[in-house]
Structure formats: structure tokens, C-alpha cells
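What follows is one structure encoded as C-alpha cells, with my remarks underneath.
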Amino acid sequence: SRYVTFLDADDYYDADFFQITTKFLHYNRDLDAVSVDYINVNDKEEHLSRCSAVSQPIACGIIFRKYTLFEIGMYDENFLMCEEEELMLRMKKMNKKVYNIMLPLYRYRRHENNMTNNTKMHNKFKKKLNKNLE
């Protein structure tokens, strides 16, 4: 494939995700990746909130041109959290273009076992990310 995307095991894409994002990349060849907005859902798939991938980024819901992802070195495996922020920092440093489509085509399942609920762990990786900014 020309494109790569990541999907967490407990989340899912809208049925139109691939058609819309790949077509968008096909017609916008200057872009390196496309993100989409997302909806937080519970275990019953009820919509809890709509989120902008620009102001509240997550690691999934982004489709990359495969060669771009290889150029920037994939996700840093040392980041178990904040990996999307770290990746986007490297993309920005390498002048890669990411566009956000303001359609909520990703479903992020919220539950008590979400890793992001671990504040201590999240703060640890946020500090690590901030060190990379220096």
C-alpha cells in the first residue's frame, strides 16, 4: 500500500475513513499525512464528545504516505504515551505537511482501562517530550 495508518485494538474507523483520506491524499500530493477529527465513545458506542485532532491529538486517526513515515523514522518506541505529539514534532522539524480533515471519522473508545487515564505515566512521558523540545 502507499499509505499507513494505526488503529488501537479497542477503537474503530468510520466506514468512509479510507475512501475519504486516501482520496484526499491522492488529490493533494503536497501533503504527507492527513488526520481526522474523532468522537469519544463508551463501551455501548454512545457518542460522548467530538474532538478536534488539531487541539487534542491522538496517535490514531492519521493516515501517512508510507515513504513519509519511513523518512521520519516511524513512531519512537520509547514513547508509550505522547507518541503522536513526538511524531508530529519530528514531522514539523522535517517540514512535513499534515492536514486535518474536520470530519469525525475515528472512534476513540473511552473506558476505565485506557492508558491515558494513568496520570502519573502520562506526566512522565510529557516531561520526556518537553526535554526533546529543548
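The values are calculated or read from the model by the stated rules, or taken from the named source; none is laboratory data. Here the structure is a predicted model, which means the values were calculated and not measured. So basically every Cβ, Gly included, is an ideal-geometry build from the backbone, and we count neighbours across all protein chains shown. Protein only, heavy atoms only, side chains kept; ligands, DNA and RNA dropped before computing areas. Shrake-Rupley method; radii C 1.70, N 1.55, O 1.52, S 1.80 Å.
Of note:
- List 68, 5, ordered by accessible area with a 1.4 Å probe, largest first: 5, 68
- Using 0.36 nm per residue and subtracting the Cα-Cα separation, the extra length available between residue 43 and residue 102 on full extension is 18.8 nm.
- In this simple spin-label model, placing a label point 7 Å from the Cα along the Cα-to-Cβ direction at both residue 70 and residue 54 gives a separation of 3.2 nm.
- For the stretch 47-61 versus the stretch 3-18, the spacing of their alpha-carbon centroids is 13 Å.
- Translational diffusion of the stretch 1-105, estimated by Stokes-Einstein from the Kirkwood radius over alpha carbon pairs at 10 °C in a medium of 1.306 mPa s, is 112 µm² per second.
- Separation in nanometres of the label points that stand 7 Å from Cα toward Cβ, at residue 24 and residue 7: 1.7 nm
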